Amino acid sequence: MRIDGVLLERRLDELYAIGDRLLYDAAWATALDRVERWMKAAGLQTRRDAVGNLWGRAEGSEKSKSVVTGSHIDTVRRGGRLDGALGIVAGLTAVEALLEENGKPKRTLEVVAICEEEGSRFSANFWGSRAISGAIAEVPPDIAAAMRECGLDPSKVPSAARDDIDTFVELHIEQGAVLESSGVALAVVSAIVGTAHLEVTVTGRADHAGTTPMTRRRDALAGAAAMIQAVESIARSLGTPAVATVGRLRVEPDQINVVPGRVVFTIDLRHSDLGARRALDERIRSLCATIASERGLPLDIRVLQERPPVPMHAQIRAILVDAAKDCGVQPTEMVSGAGHDAQVLVACCKVGMLFVPSIGGRSHCPEESTKPEDLVLGATVLARALQKIAY
């Protein structure tokens with residue numbers, strides 16, 4: 001099956017030129033309009049649901065649930081060219097190729113540009129896929145206001161839920177260096193790691209930096225620093241795929257000549273096995289508590305977010321492997337260390353994912369890149385998999 005690599009690259013360039021696309025802002029709206037124009041040109045029937053997910057539909061000859069491909073249209077701030085965008089552009093290009101070469105599918109094929117996944121503008125990760133899976137209980141006021149500015153009605157969010165999707169397949173860049181370092185051009189994702197986000201508050205006592213002897217200090221930052229080193233040490237000792245990251249740190253009173261009296265930092269914990277993720281969590285909590293006790297520092301740890309690991313559907317994984325072999329490639333299997341819409345959509349359909357390599361493992365930055373031939377290969381395997389499922 002021939003994938004138009006020039007068209008694929010041009011569309012990726014056009015979306016990237018629009019700039020950062022944050023949920024419901026002007027660039028986001030421009031990008032959706034652009035993708036909808038491409039969908040219509042490809043002969044797809046388009047519609048936008050209550051949260052702004054854009055759907056392009058090729059009706060099947062048989063009455064059955066839809067086979068869907070796509071990804072998210074939004075970006076992180078100062079992000080790259082491929083995250084999210086590749087899944088939409090490759091999905092549309094693959095469906096175009098199928099329709100041109102094979103005609104009407106037996107099962108309805110849809111391409112979706114999911115409105116939001118990153119949480120870059122609002123604290124609303126997976127907003128689009130949560131709406132599709134019927135998992136939005138209420139609309140926060142700030143998001144509701146932004147929706148109204150875009151002409152969307154927050155009261156209609158429940159209508160975005162779908163119960164007529166059979167399969168969702170997403171092509172994505174790996175966003176890490178495993179594929180490139182192994183020399184393999186394609187991976188079938190076996191599972192998406194489970195995550196836990198913790199907020200740790202260490203309370204000490206703010207004192208004068210010059211007049212307080214070291215022996216009399218209750219330095220919250222010194223205690224937090226020991227805890228942060230412990231977080232890294234524990235994750236390293238457990239080995240792959242365990243990871244732990246301290247990504248945010250706030251020091252109070254944040255003065256050069258004052259002993260820190262309070263520190264708040266976050267920990268991002270990930271593992272593909274729920275039991276192992278919980279064990280990682282418990283070891284970190286235990287060691288942080290020990291450090292706090294030894295230093296006489298009150299400690300509070302609260303859970304900000306927790307998501308279990310999500311295995312990809314065995315049947316879809318097998319189809320993706322066969323599709324890759326049909327295209328002359330022996331794929332590897334790997335666990336995704338990043339979160340994706342597929343982990344949310346598993347609540348309403350069968351899901352599967354393909355990864356192509358990220359050069360240097362770079363992602364969420366302007367240097368994000370993948371070889372053109374790998375992009376074409378990913379789109380070709382995606383097309384073959386959709387053909388196996390829908391024709």
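Seen from all directions on average, the range 1-81 presents a Cα convex hull projection of 6.6 nm².
Solvent-accessible surface (1.4 Å probe) assigned to Asp33 amounts to roughly 80 Å². Rg/Rh, computed from the Cα trace of the range 261-322 with Rh as the Kirkwood radius, has the value 1.21. Computed over neighbours whose Cβ is under 9 Å from that of Trp127, the net charge equals -2, Lys and Arg +1, Asp and Glu -1.
The Cα atoms of the range 88-190 define a convex hull whose projected area, averaged across directions, is 9.4 nm². Restrict the search to the range 1-99; then list the chymotrypsin sites (Phe, Trp or Tyr not before Pro) that DSSP places in a loop and that have at most 12 other Cβ atoms within 10 Å of their Cβ. When the chymotrypsin sites (Phe, Trp or Tyr not before Pro) of the range 1-99 are filtered for loop state and at most 12 Cβ neighbours within 10 Å, nothing remains. Working from Cα pairs under 8 Å separated by at least six residues, relative contact order for the chain is 23 percent. Of the beta bridges in the range 27-185, as assigned by DSSP with both residues counted there, near 45 percent are antiparallel.
Out of the DSSP beta bridges found with both residues in the chain, what percent are antiparallel (nearest 5)? Among the beta bridges of the chain, antiparallel pairing accounts for roughly 65 percent. Take the Cα of Gln330, go 7 Å toward its beta carbon, and the backbone nitrogen atoms of the range 181-223 under 17 Å from that spot belong to 182-188.
Distance from the Cα centre of the range 209-230 to that of the range 266-288, in angstrom? The range 209-230 and the range 266-288 have Cα centres spaced 25 Å from each other. Cross-link reach is defined here as a Cα-Cα straight distance under 15 Å, omitting same-chain residues fewer than 8 places apart; for Lys63 the aspartates and glutamates meeting it are Glu110, Asp163, Asp164, Asp166. With all protein chains in place and ligands, DNA and RNA left out, the 1.4 Å accessible area ranks His72, His208 as His208, His72, largest first.
Glu116 sits among other residues whose Cβ lies under 14 Å from its own Cβ, and their net charge, with Lys and Arg +1 and Asp and Glu -1, is -4. Take the range 167-291 with all the other protein chains still there, run a 1.4 Å probe, and you get 46 Å² of accessible area per residue. Ratio of Rg to Rh for the range 246-391: 1.13 [Cα atoms; Kirkwood radius as inverse mean 1/r over pairs].
Using a probe radius of 1.4 angstrom, the carbon and sulfur fraction of the accessible surface of the range 187-298 is 50%. Evaluated at q = 0.15, 0.21 Å⁻¹, a Debye calculation over the C-alpha positions of the range 148-244 (equal weights, vacuum) places log10 I(q)/I(0) at -0.92, -1.17. Based on alpha-carbon atoms, the Kirkwood radius and the radius of gyration of the chain give Rg/Rh equal to 1.03.
The values are calculated or read from the model by the stated rules, or taken from the named source; none is laboratory data. In this text the structure is predicted, and so the values were computed from the model without any measurement. Cβ: placed from backbone, ideal geometry, glycine included. Neighbour counts: every protein chain shown. Note: areas computed on protein heavy atoms with side chains; ligands, DNA, RNA excluded. Shrake-Rupley method; radii C 1.70, N 1.55, O 1.52, S 1.80 Å.
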